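Enquirer: Below: one structure in structure tokens.
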Amino acid sequence: MNRHYLCLLFVLTLMLPYSALGQESLSITVSTDKQNYGLGQIVMFTVEVQQGGAPLAHTPVYYELRDSQNQVRANGLISTDDTGRYTKQITIGDDFPLGPYTVYVRVTVGSQTASATTAFQTIPEFSSDIVLLFTLAVGLGILGASRKRKFSGKQALYQETLNVRVGTLGG
């Protein structure tokens, strides 16, 4: 009987590496093209899926975009291309609150699941009118300071000329 157990153990030991080959590690990454976005701008996030270090083509990936209150703003199922990648575009709507956002991605292949996250922020954008007014105000401030300096220079020259004439008259 001991001999049968040894044979069975030997066969199982030989089979173990073959079953482990099918379980190459699954990985997923996600990244955005920028860290900050204004309302109305497009967020581009790229997902990359690999198994055993090789790209995993035509693989379904679940994504979810959540705001700072953990409310789902967008979600869906996408599929990687031939290179194991997918780039998704989401427009930041006017109804999106300003602040931090998180993109969650998850992939399942066989019995393995991998997930990843990335973050970005929505920030207020200055309108072109505000930028124009600010530029104009700064420009006028510099111009005003420049004129004051020129006047001060002319005033000093006038005072010096006056002192010379008064000195000539007195002498």
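The values are calculated or read from the model by the stated rules, or taken from the named source; none is laboratory data. Quantities reported herein were computed from a predicted structural model and do not represent experimental measurements. Ideal geometry is used to build each Cβ from the backbone, glycine not excepted, and the neighbour counts take in all protein chains shown.
Enquirer: Tell me the residue from Ala114, Ala54, Ala74 that is within 20 Å of Ser25 (Cβ to Cβ), surrounded by 13 or more Cβ atoms within 10 Å (Cβ to Cβ) and modelled with pLDDT of 95 or more, please.
Expert: Details: Ala54 fails: surrounded by 13 or more Cβ atoms within 10 Å (Cβ to Cβ); Ala74 fails: within 20 Å of Ser25 (Cβ to Cβ).
Of the residues listed, the single one that is within 20 Å of Ser25 (Cβ to Cβ), surrounded by 13 or more Cβ atoms within 10 Å (Cβ to Cβ) and modelled with pLDDT of 95 or more is Ala114.
Enquirer: For segment 31-45, which residues satisfy the criterion of being at negative phi and part of a loop (DSSP other than H, G, I, E, B)?
Expert: Selection gives Asp33, Lys34, Gln35, Gly38, Leu39, Gln41.
Enquirer: Let me ask something else about it. Could you check segment 46-101 for strands (runs of 3 or more DSSP E) lying wholly inside it with 2 or more residues that are free of Cβ contacts under 8 Å to residues at least 40 places away in the same chain? Spell out how you get there, then give the answer.
Expert: Values: elements: 60-66, 72-79, 85-91.
Because the criterion is at least 2 residues that are free of Cβ contacts under 8 Å to residues at least 40 places away in the same chain, the strands (runs of 3 or more DSSP E) in segment 46-101 that meet it are 60-66, 72-79.
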